[in-house]
1. Can you name the number of the only condition in (1) within 22 Å of Asn2 (Cβ to Cβ); (2) of a type outside the set (Asp, Glu); (3) assigned to a loop (DSSP other than H, G, I, E, B) that Ser87 fails?
2. For the stretch 46-61, what are the residues that are touching a residue at least 40 places away in the same chain (Cβ under 8 Å), among the aliphatic types (A, V, I, L, M) and surrounded by fewer than 19 Cβ atoms within 10 Å (Cβ to Cβ)?
3. What's the total number of residues in the stretch 71-84 that are over 17 Å from Tyr39 (Cβ atoms) and in a helix (DSSP H, G or I)?
4. Quick one: Thr13 ticks every box in (1) in a helix (DSSP H, G or I); (2) surrounded by 13 or more Cβ atoms within 10 Å (Cβ to Cβ) bar one, so which box is it?
5. Exactly one of (1) part of a loop (DSSP other than H, G, I, E, B); (2) more than 16 Å from Leu88 (Cα to Cα) is unmet by Lys23. Its number?
6. Of everything in the stretch 26-65 that's of a type in the set (Gly, Ala, Ser) and outside any helix (DSSP H, G or I), which residue is farthest from Asp76 (Cα to Cα)?
7. Identify, please: which residue in the stretch 21-45 is among the small types (Gly, Ala, Ser) and in contact (Cβ under 8 Å) with a residue 24 or more places away in the chain and is, among those, surrounded by the fewest Cβ atoms within 10 Å (Cβ to Cβ)?
Amino acid sequence: MNKIQQIQELFKTNATADKFLLKTISEYKGNSVDDFCKYISQEITIQFHFPIQKLELFSSITTELDELVNTYQTQDVKELVLEMKRSLRKYSSEAIYKKPEHIQLSELVYG
């Protein structure tokens, strides 16, 4: 089982995250934790328009990761979570404030 499969399995069995997050995590098919976090960030940017929504989702992911560490308390899970948190931090700030290309400003203002 590679790191991504391990993360997916941990989230499936223990996470209380919202359906979007669980769906996004389970759909990823690559092997790189960094690419996985980049994929999550891109999906958040596409699906959510407002920075506060994105910030709440990244916060939720971090909370879920902390819960996994508290639940399993093994060194490999701790290392995996730390790696994922570092990578998420790298992509989250850009994703939070980035406006999806297909959304016009008028759509954000007027719906």
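1. Going through (1) within 22 Å of Asn2 (Cβ to Cβ); (2) of a type outside the set (Asp, Glu); (3) assigned to a loop (DSSP other than H, G, I, E, B) one by one, Ser87 breaks only (3).
2. If the condition is that a residue be touching a residue at least 40 places away in the same chain (Cβ under 8 Å), among the aliphatic types (A, V, I, L, M) and surrounded by fewer than 19 Cβ atoms within 10 Å (Cβ to Cβ), then Ile46, Leu55 are the ones that fit.
3. 9
4. So the condition that Thr13 fails would be (2).
5. Going through (1) part of a loop (DSSP other than H, G, I, E, B); (2) more than 16 Å from Leu88 (Cα to Cα) one by one, Lys23 breaks only (1).
6. So the residue we want is Gly30.
7. Within the stretch 21-45, the match that is surrounded by the fewest Cβ atoms within 10 Å (Cβ to Cβ) is Gly30.
Every read-out reported here was derived from the displayed coordinates using simple, explicitly stated rules and does not represent laboratory data. Because the structure is a prediction, the values reported are computed rather than measured. Reconstructed Cβ throughout: ideal geometry from the backbone, glycine too, with neighbour counts over all protein chains shown.
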